[in-house]
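Everything on this sheet refers to the single structure shown next.
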Amino acid sequence: MRHMKLAARVRDDSGAVSILAVLFIGFALFVVLALTAEVGHLYVARRQAQSAADAGALAAADSLPVSDAAAITAGEGYVTKNLPTATKTVTLRYNGDPNKVKVEVRLAVTPFFTLFPSEAVGAHAVASRVLVSPRTAVYASNTVIADGTAKVNVAGEVYSGGTVDIASGTGSFQATDLSYVTVSHSVTAGVDPPTLISAGVPPRAPNYTKGFPTGFPITYGNSVALSDAAIRAAAAAAGEPILFDHPTEDFTYANLKRYKPTADPRNLRGLIVCDNMTADTEFRGTVTVIAYDKVHLDSYPCYLTAWNLSSTFGEGNSPLFYIPYAYIRSKMASSYTGVIFAPNGRCEFGGSGSSTSSNLFIEAKDVKFLASSTFTLTGIGPVTGSRSRGKLVE
């Protein structure tokens, strides 16, 4: 009997131990899960601090040519945009190098659970100012506009004297670099986001020599101003034949046949001088176009390449369209190579279908990408002339 009572007591003690074991295992699992959550929380905070430091260093290095104060302001500003509560330190002339800047970021991290103490994570980045000679795609003295459903992808620099305006909608505007612009709606930069918005506009030249502002990163010929006379002389020097030279008449295929009955609209070659240019059929070929009024390439696709006038205007800078007074509009799936120059008018692209143009530079008062279109543009370059930008080195 006594042995039976002892055995019962042993069994009762085993149950108590099992309960304690379950509680201990549960507590241990809670601690492990809490520790895992805290480690993940710290990892995310550290990555955020590193991203902020990278952005600050790039922004500061971009601003080094302006002034020390501008570099510090830019560096601190981009850290604050990423992490408003972080502390930051911007060190110019890092390691004695006037082109290097270091940005350090410290971020206080509040733990999820009171089991763990508060901590601070840190990160740093070093960026250097380097000279680059980028592709250049668009210069608009007034605005760059993309309608809400336009999908625009630009490989090259986009300059605007006013705004880059992206209407609300399902479209997108991506560029490898947007410089010297103010942005009225959201714009996505494909590379180096700190260069997305820079203060100020490059000053226009006192006269329109070369068609570009002072400091614009293109050397357009030696000292040749872009004009109808200069283009005619360059075409003659390059041996470009005259295809159509009637400044008061419209260039259409119907009109071209009046003067050149055997001309092939899909193999146009030569200089075209006209009042208006209108695509009444599909145009293809290698040409230089001077249009004193408007260019309408709306009803048929066009695939046109500039005649090589590099000996006068520089490699890659041959004019495709020179429209000194009015505008150009292309609303079909088309492709262009060369320089489109309409300093007093608008360049409109888009409409139905997708357009892809390589080695194209557009300068106009306004550049607009129309709704319901997909436009891919690769600028000209690398071009003569350079500017500086930041590059992460540590």
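The values are calculated or read from the model by the stated rules, or taken from the named source; none is laboratory data. Since this is a predicted model, take the numbers as computed values, not measurements. For neighbour counting, all protein chains shown are included, and Cβ atoms are generated from backbone atoms with ideal geometry for every residue, glycine included.
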Taking only pairs six or more apart or across chains, which ones have beta-carbon atoms under 8 Å, a first residue in the range 246-268 that is without any contact (Cβ under 8 Å) to a residue 24 or more places away in the chain, and a second residue that is assigned to a helix (DSSP H, G or I)?
-> A263/Y253; A263/L256; A263/K257; P265/Y253; P265/L256
On the given criteria, is L115 modelled with pLDDT under 65 and either part of a strand (DSSP E or B) or assigned by TED's automatic domain parsing to the domain that holds N344 (or both)?
-> no
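Looking for whichever is at pLDDT below 85, within 21 Å of G122 (Cβ to Cβ), assigned by TED's automatic domain parsing to the domain that holds A123 and not in a strand (DSSP E or B) here; the options are V44, V22, V17. Which one fits?
Among V44, V22, V17, only V44 is at pLDDT below 85, within 21 Å of G122 (Cβ to Cβ), assigned by TED's automatic domain parsing to the domain that holds A123 and not in a strand (DSSP E or B).
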Between a first residue in the range 368-394 that is assigned to a loop (DSSP other than H, G, I, E, B) and a second residue that is modelled with pLDDT of 65 or more and surrounded by fewer than 16 Cβ atoms within 10 Å (Cβ to Cβ), which pairs have beta carbons less than 7 Å apart while being 6 or more apart in sequence or on different chains?
-> A371/G148
Can you work out which of the residues in the range 246-262 that are under 40 Å from the mean Cα position of the chain (by Cα) and in a loop (DSSP other than H, G, I, E, B) is surrounded by the most Cβ atoms within 10 Å (Cβ to Cβ)?
-> T252
Can you give me the ranges of the strands (runs of 3 or more DSSP E) entirely in the range 314-360 with at least 3 residues that are within 15 Å of V154 (Cβ to Cβ) and at pLDDT 85 or above?
-> 335-349, 354-357
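Among the residues of the range 140-155, which ones are part of a strand (DSSP E or B) and either among the small types (G, A, S) or not assigned by TED's automatic domain parsing to the domain that holds K368 (or both)?
Passing the criteria: A140, S141, A146, A155.
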When only residues in the range 228-245 that are touching a residue at least 60 places away in the same chain (Cβ under 8 Å) and in a loop (DSSP other than H, G, I, E, B) count, which is nearest to N317 (Cα to Cα)?
-> A238
